[in-house]
Amino acid sequence: RPEVVLLDLQMPRMSGLQALRAIREKVPEAQIVVLTNHADAVYRRTCLAAGAARFLDKSGDLESLDEVIRGLAGDVGDA
C-alpha cells in the first residue's frame, strides 16, 4: 500500500483524474501528487477536490518535488 503516489494527468489507458479517483477509493490514506504540463486552474481545482494532496506543474514545480514527497511521506508516517 503506497504512502505517496506520483500521478501524471496524461496516461495511455485512463486519464490521470480517473486514476486519482480509483486510487483514492482503494487506498484512501495515500498521499497523491499530481504532476502535469496542464497546470491551469480548472485542472488544479478538480484534482484537489478529487483528493490530490498536491498539484505540481512539471515546467516549474519540479525543484520542490523531493521536499514535497518527503513531507507527505512524513505526514503519513506520523499518522
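Quantify, in whole percent, the carbon and sulfur part of the accessible surface of the chain (1.4 Å probe; protein heavy atoms only). Kindly include the intermediate steps, with their values, before the conclusion.
On the way: 2560 of 5010 Å².
Carbon and sulfur: 51 percent of the exposed surface of the chain.
Would the chain count as rounded, prolate or oblate if I go by the C-alpha gyration tensor, calling it rounded below 1.5 in a/c and otherwise prolate when a/b exceeds b/c, oblate otherwise?
Judged from the Cα gyration tensor, the chain comes out oblate (a/c at least 1.5, b/c at or above a/b).
Could you pull out every residue, at least 5 positions away or on a different chain, whose amide H is within less than 5 Å of the one on L35? Hs are placed 1.01 Å off N in the peptide plane, and Pro or chain starts have none.
Residues meeting the amide H criterion: L7, D8, L9, L56.
Scanning the chain for GluC sites (Glu not before Pro) in DSSP loops with at most 16 other Cβ atoms within 10 Å, what's the longest stretch left with none?
Between exposed loop sites, the widest span is 30-79.
For L65 and S15 in one chain, what is 0.36 nm times their gap in residues minus the Cα-Cα distance, to one decimal in nm?
Gain on extension, L65 to S15, equals 15.8 nm.
Using a simple spin-label model with points 7 Å from Cα along the Cα→Cβ vector, what separation in nm is obtained for V42 and A22?
2.4
The values are calculated or read from the model by the stated rules, or taken from the named source; none is laboratory data. Please read these numbers as outputs of a predicted model, since none were measured by experiment. Cβ coordinates were reconstructed from backbone atoms using ideal geometry, including for glycine residues, and neighbour counts include every protein chain displayed. Please note that ligands, DNA and RNA were not included when accessible areas were found on the heavy atoms of the full protein model with its side chains. Shrake-Rupley method; radii C 1.70, N 1.55, O 1.52, S 1.80 Å.
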